[in-house]
1. Using a simple spin-label model with points 7 Å from Cα along the Cα→Cβ vector, what separation in nm is obtained for D103 and V202?
2. Given points 7 Å out from each Cα along the Cα-Cβ axis, report the N141 to E114 separation in nanometres with one decimal.
3. Rounded, prolate or oblate: pick one for the range 116-187, where a ≥ b ≥ c are the square roots of the eigenvalues of its C-alpha gyration tensor, a/c under 1.5 means rounded, and failing that, prolate if a/b is larger than b/c, else oblate.
4. Packing-wise, with mean Cβ within 10 Å as the measure, how do 164-171, 88-95 rank, highest first?
5. If the elastic network links every pair of Cα atoms under 10 Å, which of G235, G56, G205 fluctuates the most in the Gaussian network model of the chain?
6. Working from Cα positions, state the angle (0 to 90°, nearest 10) between the long axis of helix 193-204 and the longest principal axis of the chain.
7. For E231 and D41, what is the calculated FRET efficiency with R₀ set at 45 Å and r taken between the beta-carbons, to the nearest 0.05?
8. Give me the angle, in degrees from 0 to 90, between the Cα long axis of helix 219-230 and the longest principal axis of the Cα atoms of the chain, rounded to the nearest 10.
Amino acid sequence: MSPTRPQSGVGGQAYEAILVRPSETLVAVDFDGTLAPITDDPEQAYADPVAVAALGRLGALVGQVVVITGRPARTAVRLGGFDRVQGLDRLVVLGQYGVERWDAATGEYVLPPEPEAITTVREELPGLLADLGLDRVRIENKGRAIGVHTRELRDPAALRRLEGPIRDLAERHGLHVEPGKSVLEIRAPGIDKGDALRRIVVEVGARQVVFAGDDLGDLPAFRAVEQLRTEGVDGLLICSASHEEDALTEISDLVLDGPAGVAEWLSALAARLERDRPASDGPAGN
Ligand SMILES: [Mg+2]
């Protein structure tokens, strides 16, 4: 089965270029909502094994496979099982929007220290939540960021009630607030998935880039791909769609049905490239 071909002109062009020059392709994917289903407990959001197996196959076919996530790199590696799956020996995980890095090739982590403002805000948060009567809100410590999760409250009004005070607290300490699916993420400014993606595109010298994401935090990566297109890099933008967020569907070349749809598409791409490999990209086994 071949992967669904993007309908848009630029997406279709990128898709054809990937088939012709897979070794010059960077495949970049978000983690939560794209590789892993969204769950009530973020500690239980394991990657779809079909998607992980597909990334393992793609690792042998394309130039580079990278996971770009807001999660700490260690968490993504653990929830993805990336250190245990065959074929992922060249995978790179960029955690905390690119501040952290894990290279499967060496097994080494690069983990810069936590900013002081994050520590201070984390200390102040429980008091603020108690004042608002929202002490059941889950606080996720991400090192350089703090996730304030409201999913378990089962109350959409809670998120609206929280947003103002959370923004005030963050801004008082020079931090940003990034809204997501039933979560407000407080983080240090100056780095986003767009910066992370651009850096790795330059690092590996990619001529084509695929990026798959599901949420507002992926928007900077989408914008980076749009910018890269003006610089001669073909870009294919994939939305992992859900009923919770539609900010990316309009600007995507392909809209897939959540993590299962992404897993299926990546598997089909791997199968197609495996089939084509001897003719188009050197001998099998490279
Ligand atoms: Mg996501």
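1. Inter-label distance under the simple model: 1.8 nm.
2. Reported label-point gap for N141 and E114 is 0.4 nm.
3. prolate
4. Put in order of decreasing packing, that is 88-95, 164-171.
5. Among G235, G56, G205, the largest GNM mean-square fluctuation belongs to G205.
6. For helix 193-204, the angle is close to 30 degrees.
7. The computed FRET efficiency comes out at 0.65.
8. 40
Read-outs throughout are calculated quantities, based only on the coordinates presented, and are distinct from any laboratory measurement. Treat the numbers as computed from the prediction; the structure is a model and nothing was measured. All Cβ positions, glycine included, derive from the backbone under ideal geometry; neighbour counts span all protein chains shown.
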